[in-house]
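J.: Provided herewith is a single structure, encoded as structure tokens, for subsequent inquiry.
Bear in mind that the values in this text are calculations on the coordinates, not laboratory data. Note that this is a predicted model, so its numbers are computed, not measured. Every residue, glycine among them, receives a Cβ derived from its backbone with ideal geometry; neighbour counts consider all protein chains shown.
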Amino acid sequence: MKIDTSFQITDRQFIFILIGGATGAGILSLPRLATQEALQDGWISVLISAFVPLISLLLIERLCRIYPKYSLSEITDKLFGKFVGRIFTLGYIAYTILIVSTSIRVFVEITSLYILQRTPTPVILCIYVIFIIYTIMNGSTLVGRFNELVFYLLPVSLLLILPSFTASTYTNLLPIGEAGLINILKACFALSYSYSRTELIFVYYPMLKQKTRVVRDGVIALGIITFVNVFITIASIVIFGTEVLQKIIWPFILLYKIVDIPVIERLDLFFLILWTAIAARPSINYSFVSSYSITQFLNLKLEKHFSAVSITTGIIIFVVALIPKNVQQVFNIITYLGYGYFIAGIGYPIIFLLASLFLKGRTTKK
Amino acid sequence: MNKRILLLTVCIIMLMLLSGCWDAKDIEDLSIPIVGGYDLVKNSTGEESSMGNKVAVTGVFPLFSPDIVSSATIATNIAKTIGETRTKRALRTPQQQLFGVLQAVVYGEELAEQGLHNYLDILYRNPHIKLNLFVAIAEGKAEELLKNKITNYSNIGDYILDLLRNSYKESFIPSVTLHLLMLKSYSTDKNPIVPIIKATENGVSIAGVGIFKADKLIAKAGIEEARIISLLRGEKVEGIIPFTVKDEEEVIDKGSVNIKGSRKVDVLRKGNDFTFNINVKINGQLIEHYNKKPLDKKSNLLKEIENSIKLDIESQCIDFIEKMQNEYKVDCIDITRYAMAKWRSELKDKIDQGFIENVTIKANIDIEILRNGELE
Amino acid sequence: MFKKLFPKKQKDISGVCDKSGDVKLPANITTKLNMLQKYIENSSDIIVRSFIIKAEQDINAAVIYMQGVIDTQFLNQDIIKPLMKFNEKEQSFNDNNLLDYITKRLVSIGQIKKKASLDETVQCIYDGLTVLIVNGISEVIVFDIRGGETRTLDEPLLDRTICGPREGFVESLTTNIALIRRKLRDTNLAVEKLIIGKRTRTDVAIMYIKDIANPEIVNEVLNRIKKIEMDGILSTGYINQFIEDNPRSLFPLYREIERADIAVAELLEGRVVIISDQSPLAIVYPALFVEMLQAAEDYSTKTQQGILMRLFRYVAFFSAVSLPALYISLISFYQELIPYELLIPIAKNRSEVPFPAVVEVLILEIVVQIIFEAGLRMPSPLGQTMGVVAGIILGQAIVSASFVSPAIIIVAATATISTFAISNFCMAITSRLLRLIFIATAAVFGIFGFTMTWLFLIVHLANQSSMGVPYFAPYAPFNFSDLKDSFIRSSIFSFKKRPESVPNINKRRQGNFRRGEQDNEN
């Protein structure tokens, strides 16, 4: 009870970490992507697309149940031997670093656009990366606590959308189902970047104190995220309409510009202040995962070297985040990362499960 | 180890601090336009293409220096694009410009007739400009309107602002924000109506509403017509309606009712024939009437008042609908979206060509006077 | 850390007691006096009073005491007088049981000990105890009749309440412990005394309730205190700095209290209270962030008032720390957030001031901090003058001279007053420091800097732990049941269990009493 080991999280923190997984760059342009193919039925795509992370959750949980104390790099080492296992881990590390970099880059672009126009991008990026390093340096307990604290800003932000509903026309949503199943499924595919949160379980699972309720926690987290996504999509459709929505890059932010409130006046700028904290979560969660995996990849001891590895990870993220030249390039990378999710979130656990069955079969034969 | 990290962080932070703060702009060093006016300046060769004309941008800039008496400067700049006018203004102003505080936008009549689309883009694209700034059309040129002298008010910017903000509460003129304008000019099934303001001796007054087809002004409607349009549109309808009660050609009562209205629309379809039923529901409060007869249950006066208003409005509606279908040929009462709600993919491309002219529109008015004020 | 502070000085700080080994005292009084003379010859306030104990043969005795530290009445009446007027005819005695006789029949003092070695005797003299040396007895008898002038019980300086008791701690350890004992009569209340500080030899008492406090925490506290090696412990502040978890943290990880009723409340929640002699402040471990914004008054009043007071204190904390920074971010960076009608008057006022907003804020901040420091040290007759100078002259004149605009005066004044609305003094001092940090970041990065600094602060808070207990509980790690005593204070009927944020071994503290139910039974 006395001093917490720095690498333990409670299951409530686990829920919040999962929620904090991808409510970052993904959610800002979600309505636009959803309505591109499916028009006014975009929200149905968002609803249906909740099943993909669910399948991923079940697969990964099944796998981690077999190896409860091992994180990803240890599992791959066990299953495939050092050489091939390391390749899998490397792929995972690259994937997580790219997610963090795109997430941070999008955030910095938004900050540059709305808040600090003339400050050079690397400076804003630098501050953000320092913050991330500071948080992940102290272990996952702090990451869990941070997610717990910051989560409550999300419902506050959603409540602030409510005044904008006075300028909404519900007929934008009708007729329902007109887009047809194929278009809806196409839109699901386009949304794949926003699914990414279940790969976090690979690393956070061994840190849980009690592992019995992982599926329940995961379902709660996915439920909350799906609710938030559907709410925002519906709000965007009724307030903007599908045609105008295609022209707006960040529909989520523009939702706040519609109506004035006394005292706070400009809700969108106020929202961006909250957004700084909300968007920090996926960056921190994924940075921690990268840092942790790199530590294990290089066979270093956690207690001694984790801080140093965190700083290095931070620097790598900083460099990678500066590579795209503008937002369009970031969106291209995001589309590829969306496909990467299917590999990391669904492909990996399937391969590992098959491999573990194979391995078990071998050992029983012996 | 921790010490070294600390030192590194401190060095980085010092570096950043010493290199300067880039975005600091103190408030008194800013020139803040609160109302913007846009006018068309025709090319000298008389070309009519929208890309060839110049635009005159007028801004109302409140002054911060306490020694200067008048509280705002109004300046005009002419250039090919709005962005260029900003450069021209920057050449003449000692202060830095900040556009995020823009509160209202006035477009000249000519500009609106040519199409607002080009000139809305800069406002929408700017992340700092709020989307609920008020929009109005100026009768004539916006520049002349904004340079009108006013008495008893701080500056013309505040005057127009307050005028537009409160217009919907008492006079059936809607308050249109940039968001609504953009939305309705870009969507296929919606067309906005925008208040028209004109200069008077001591200030500015609202002269009616402008009827738009997408982003082009096609007609101007007076105050009376604006009332009907507002009732038929059903959004935030509030105002005062006069009535006269006639008993076989003799006027027995006159007065006015303060009403609030709402509407419900439904669409029936037979093949290619659409019938729109607009059910307008009006709740009113009697605020004056000339006849001394009491309005209790025994006398029929209240019913007669309600009836006379109903008939009056219905006939005005029929007249207006006919005008809309034959003359304007544009759906300015926002009913097409109900048809789109049911048959969106089918009608999407047909809306602009000859849809509204060939449908049947029926208006049913239902009025109820709820309160009589303090007197019986 | 200890080694870094005191690498080689260990030899110097050792006092008398470490020198030679134990030298036993002889029986002869003259020899004893000669041995002791070396140690007491430089102190003219140590008095040696020789007298004769009346017996068959006169026995020489002497009493050695420190003037002013003892209560002379007890010395005269209960030690010297009975010994001098001893009537031997009452009871026969011989040399063997003289010691017992004196201690058990003659001297009527409450606390008596016997010492045999020279070092201990000298230390006892300097501790303020009275030493009786008798010819023929090799041991000395030590009485504790310490008294003298101490401060009377008074209302505490900082922790004031209107609806609660007003006794504050004083500089005497025994009185302080007595104040707590009077309020908490539990048989499980444990008081462990230690002496720390090589030269000051300060008595420190560690109090906890045996069947509530978690033994791990108690042991941790005791171990850390026992490891302190310093020559002077002048107040509990010194102890704090030695035993706190993270000296580099910005926030106080302990709670300093001046009142006995707060001490009792803390003890009942399973915490450990450390009281030191000669210091009117007691410290409580473990401490949580939520306590820094609580006041004793919240618990003595109605629930609704308690909730309002708590919420205001959180608002006060927010404004004390970040209001000037918010002002800078809005005026210099983010003018669109200011309501349009307010923008024009502010800009008009600012146009008269030649400095940028950041410099304005800094000027006023420095002035306010200097006034604050001066106010702490100002003798009371000059306090009124200070008020006039600071308020009227500096406030009014600084605006008229166009050094600052009126808006910033409001902001700075609100921030300063909010600093004092924070109930914990250490936290108020911390907020001054935080305010400067916020101003610096807001000056460079505007509202982005402001937000990032808040995030850094929250992460920093979540990372601290006090005696191993997470500092930011119950916010993180989240504990819903403990939230009833955090930013709100729910009714006393909901305080059925002790807060879980501080580990304890006895969960329940309230029965099922509810007034309504009881009435219904009747």
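J.: Dimensions of chain C along principal axes (Cα, Å, largest first)?
T.: Computed over the Cα atoms, the extents are 103, 68, 44 Å.
J.: Related question: In percent, what relative contact order does region B:289-368 have, based on Cα pairs under 8 Å that are 6 or more apart in sequence?
T.: Normalised by residue count, the contact order of region B:289-368 is 39 percent.
J.: Tell me the angle of helix C:173-183 to the major Cα principal axis of chain C, expressed in degrees between 0 and 90 and rounded to the nearest ten.
T.: Orientation of helix C:173-183: about 70 degrees from the principal axis.
J.: Label 7 Å along Cα→Cβ of residue B:372; region B:264-292 residues with amide nitrogen under 19 Å?
T.: B:283-292
J.: Right, something else. Express the relative contact order of region B:229-376 as a whole percentage, based on alpha carbon pairs under 8 Å and six or more residues apart in sequence.
T.: Reported as a whole number, the value is 30 percent.
J.: A follow-up question, please. Between residue C:509 and residue C:155, how high is the FRET efficiency from 1/(1 + (r/R0)^6) when r is the Cβ-Cβ distance and R₀ = 25 Å? Nearest 0.05.
T.: That gives a FRET efficiency of 0.30.
J.: Ranked highest first by average number of other Cβ atoms within 10 Å, how do A:314-320, B:365-371 line up?
T.: For the peptides A:314-320, B:365-371, the packing ranking is A:314-320, B:365-371.
J.: May I pose another question? How many partner chain Cβ atoms sit within 10 Å of a residue's Cβ in peptide A:104-116, on average, as a whole number?
T.: Across the residues of A:104-116, the mean count of other-chain Cβ atoms within 10 Å is 3.
J.: Could you line up B:319, B:312, C:245 from fewest to most neighbouring Cβ atoms inside 10 Å?
T.: Listing B:319, B:312, C:245 from fewest to most nearby Cβ atoms yields B:319, B:312, C:245.
J.: Shifting gears a bit: Kyte-Doolittle mean at least -0.5 and Cα extent at least 30 Å along the axis: which DSSP H helices of chain B qualify?
T.: Both cut-offs are met by B:301-323.
J.: Distance in nm between label sites at residue C:97 and residue C:24, each 7 Å beyond Cα in the beta-carbon direction?
T.: Reported label-point gap for residue C:97 and residue C:24 is 2.4 nm.
J.: For chain A, what's the relative contact order in percent, using C-alpha pairs closer than 8 Å and at least 6 residues apart?
T.: 39
J.: With springs only between Cα atoms under 10 Å, which of A:276, A:102, A:169 fluctuates most in a Gaussian network model of chain A?
T.: A:169
J.: How tilted is helix C:357-377 with respect to the longest principal axis of chain C? Cα atoms for both, answer in degrees (0 to 90, nearest 10).
T.: 20
J.: Another question about this same structure. To one decimal place, what orientation-averaged projected area in nm² is obtained for the convex hull of the Cα set of region A:117-238?
T.: Dividing the Cα hull surface by four gives the mean projection, 11.6 nm².
J.: Working from Cα positions, state the angle (0 to 90°, nearest 10) between the long axis of helix C:425-463 and the longest principal axis of chain C.
T.: 20
J.: On the first, second and third principal axes, largest extent first, how far apart are the outermost C-alpha atoms of the protein assembly as shown in Å?
T.: Between the extreme Cα coordinates on each principal axis of the protein assembly as shown lie 143, 95, 78 Å.
J.: Quick one: how many lysine pairs does region C:173-287 have with C-alpha atoms less than 20 Å apart and a gap of 8 or more or different chains? Give me the count, please.
T.: For region C:173-287, the number of qualifying lysine pairs is 8.
J.: Okay, moving on. Find the eigenvalues of the gyration tensor of the Cα atoms of chain B, then list the square roots of 5 times those eigenvalues as equivalent ellipsoid semi-axes, largest first, in whole angstrom.
T.: Listed largest to smallest, the semi-axes of chain B are 46, 27, 23 Å.
J.: Shifting gears a bit: Would you list A:230, A:150 from fewest to most Cβ contacts within 10 Å?
T.: Fewest-to-most ranking of A:230, A:150: A:230, A:150.
J.: Let me ask something else. Mean 1/r over all different Cα pairs, inverted: what Kirkwood radius does region B:26-221 give, in Å?
T.: 17.0
J.: Give the calculated FRET efficiency between residue B:352 and residue B:290 to the nearest 0.05, with a Förster radius of 35 Å applied to their Cβ-Cβ distance.
T.: For R0 = 35 Å, the calculated efficiency reads 0.10.
J.: Let me ask you something else. Rounded to the nearest angstrom and ordered from largest down, what semi-axes does the equivalent ellipsoid of region C:356-461 get from its C-alpha gyration tensor (root of 5λ)?
T.: Semi-axes (√(5λ), whole Å): 26, 20, 9.
J.: Kindly put C:386, C:207 in sequence by how many other C-beta atoms sit within 10 Å of each C-beta, fewest to most.
T.: Arranged by neighbour count, lowest to highest, C:386, C:207 become C:386, C:207.
J.: Can you compute the FRET efficiency between residue A:159 and residue C:308 using 1/(1 + (r/R0)^6), with r the Cβ-Cβ distance and R0 = 25 Å? Round to the nearest 0.05.
T.: 0.65
J.: Continuing with the same structure: How big is region B:229-376 along each principal axis, measuring the range of its Cα positions in Å and listing the largest first?
T.: That gives 57, 29, 23 Å along the principal axes, largest extent first.
J.: Taking region C:173-287 as the region of interest, what is the percent of Cα-Cα pairs per 10 angstrom bin, listed from the shortest bin to the one with the maximum distance?
T.: Distribution as computed: 14, 50, 32, 4 percent.
J.: Report the normalised scattering of region C:67-199 as log10 I(q)/I(0) at q = 0.20 Å⁻¹, calculated by the Debye formula with identical scatterers on the alpha carbons.
T.: The Cα Debye sum returns log10 ratios of -1.25.
J.: If you don't mind, there's one more thing I want to ask. Hey, how much of the P(r) for region A:1-113 falls beyond 18 Å, as a percent of Cα pairs?
T.: So the pairs more than 18 Å apart make up 70 percent of the total in region A:1-113.
J.: Here is a further query. Using the Cα atoms as the points, what is the convex hull volume per residue of region B:104-198 in Å³?
T.: It is 108 Å³ per residue.
J.: Which value does Rg/Rh take for region A:11-354 over its C-alpha atoms, Rh per Kirkwood?
T.: 0.96
J.: Under 18 Å between alpha carbons, and skipping anything fewer than 8 positions from residue C:302 in its own chain: which lysines qualify?
T.: Straight-distance partners of residue C:302: C:484, C:496.
J.: Going by average Cβ neighbours within 10 Å, how do the peptides B:167-176, B:285-294, C:37-46 rank, with the highest at the top?
T.: Going by the mean number of other Cβ atoms within 10 Å, highest first, we get B:167-176, B:285-294, C:37-46.
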